[in-house]
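J.: The following block contains the structure, expressed as structure tokens.
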Amino acid sequence: MAPHREGSEASVEAMVAQVEKHPISTILIIIAMQTEALPVVNKFQLIENPHSSFPKGVPWIHYHGAYKDITINLIWPGKDLTFGVDSVGTISASLVTYASIQALQPDLIINAGTAGGFKEKGAAIGDVFLVSHVAFHDRRIPIPVFDLYGVGLRQTYSTPNLLKALNLKTGKLSTGDSLDMSPHDEASIAANDATVKDMEGAAVAYVAELLKVPAIFVKAVTDIVDGEKPTAEEFLQNLAAVTATLEEVVTQVIDFISGKCLPEL
Ligand code: SAH
């Protein structure tokens, strides 16, 4: 990892050291789309909090509930107030991550959602990845050091026992604000060595690091980016089935987390 990472990693570790002796009690799940969120909401019988501490008028929805010894918070950024579609992308993801951490002080963040996968890197439809690193692919700043800032490579909170227990695939995630992929994006994604591609992960990681909360990324593949089918079509075709798989894996993750401290993950 580049030298400039060491300071922030050290501070995350210091924070983790404080809470590491206590079992994880509060988790924050961030999910961008309603279709992805509702299976998890239903599974854990989460209820909407009508008195969330979010600013008045924002579309962000806070679901919460208790499961075993864990308080589960799930935040869905809701439907865009102007266009009525899910508030996908890095801006909404950053804002809800910031506001939710401030309001809920979680021990751990789980960013769950769908992603495009690269078959060349071993991804197939329905695979679920526990992400090892995140980076951006649409923040090109060709000035020394700003280039690295733009890419924003971050290692995710390491959970080797979770990875092994659930037998998930692992790989790097590249994030950008477009569902499609321009030739520029394609080159950056290759430089990021990414196996999966989404529109939120690296933004959630940025805020989580800023506020020193460990974060993990569970991404289920809805479409093959380097395949034959047009992305949007393939995404919509597989969305329902893949979100069911995503819910199953999120449930397994929560079951595994229950009763454990952070370093046991
Ligand atoms: N057409 C969809 C738009 C969803 S945008 C709709 O009707 O609502 C895609 C969402 O899924 C984002 O939250 C993103 O994180 C994820 N995603 C799935 N496949 C992706 C891909 N190939 N590239 C980028 N993001 C993808």
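What follows draws every value from the coordinates through simple rules; no lab data is involved. Everything numeric here is computed off the predicted structure, so don't read it as measured data. All Cβ positions, glycine included, derive from the backbone under ideal geometry; neighbour counts span all protein chains shown.
J.: Just the number, please: percent antiparallel of the DSSP beta bridges in segment 69-186, rounded to the nearest 5.
T.: Numbers: 3 of 10 bridges.
Counting only bridges with both partners in segment 69-186, antiparallel ones make up about 30 percent.
J.: Next question. What list of ³J(HN,Hα) values in whole Hz, one per residue of segment 136-143 in order, does the Karplus curve 6.51 cos²θ - 1.76 cosθ + 1.60 (θ = phi - 60°) give from phi, with Gly and Pro shown as x?
T.: 9, 10, 10, 10, 8, 10, x, 10
J.: Grab the eigenvalues of the alpha-carbon gyration tensor for the chain, scale each by 5, take roots, and send me the semi-axes largest first in whole angstrom. Working shown, then result.
T.: Numbers: eigenvalues 129, 99, 72 Å².
Sorted largest first and rounded, they come to 25, 22, 19 Å.
J.: How charged is the neighbourhood of Ile70? Take every other residue with its Cβ under 11 Å from the Cβ of Ile70, and add Lys/Arg as +1 and Asp/Glu as -1.
T.: -1
J.: So what's the back-of-envelope 222 nm ellipticity for the chain, counting only DSSP H runs of four-plus at -39500 (n - 2.57) apiece and dividing by all residues, rounded to 500? Don't skip to the end; give the middle numbers.
T.: Working: 8 runs with 98 residues, N = 265.
Taken over the chain, the calculation gives -11500 deg cm²/dmol.
J.: Then there's this: Report the net charge of residues surrounding Leu104, where surrounding means a beta-carbon distance below 15 angstrom and charges are Lys +1, Arg +1, Asp -1, Glu -1. Could you put the intermediate results ahead of the total?
T.: Numbers: positive: Lys212; negative: Glu48, Asp107.
Every neighbour counted, the sum reads -1.
J.: Alpha carbons only, please: Rg and Dmax for segment 104-211, in angstrom.
T.: Computed over the Cα atoms of segment 104-211, radius of gyration and Dmax are 13.9, 43 Å.
J.: What percent antiparallel are the DSSP beta bridges of the chain, to the nearest 5?
T.: Numbers: 17 of 46 bridges.
Close to 35 percent.
J.: First select every other residue whose beta carbon is under 12 angstrom from the beta carbon of Gly150; then total the charges, Lys and Arg +1, Asp and Glu -1.
T.: Working: positive: Arg139, Arg140; negative: Asp138, Asp147.
Combined, the nearby Lys, Arg, Asp and Glu give 0.
J.: Hey, another quick one. Of Lys79/Lys212; Lys43/Lys229; Lys21/Lys68, which ones are farther than 21 Å apart at the Cα? If you can, show how the numbers build up before the last one.
T.: On the way: Lys79/Lys212 28 Å; Lys43/Lys229 32 Å; Lys21/Lys68 19 Å.
Exceeds cut-off: Lys79/Lys212; Lys43/Lys229.
J.: Provide, for q = 0.12, 0.15, 0.20, 0.23 Å⁻¹, the log10 of I(q)/I(0) from a solvent-free Debye sum over equal Cα point scatterers in segment 81-142.
T.: Result of the Debye calculation: -0.48, -0.74, -1.12, -1.20.
J.: What whole number of Å gives the distance from the Cα centroid of segment 34-83 to the Cα centroid of segment 154-184?
T.: Segment 154-184 and segment 34-83 have Cα centres spaced 23 Å from each other.
J.: A further question on this structure: Using Cα springs under 10 Å in a Gaussian network model of the chain, which residue among Ile31, Ile70, Ile143 shows the largest mean-square fluctuation?
T.: Sorting by GNM fluctuation, first place goes to Ile143.
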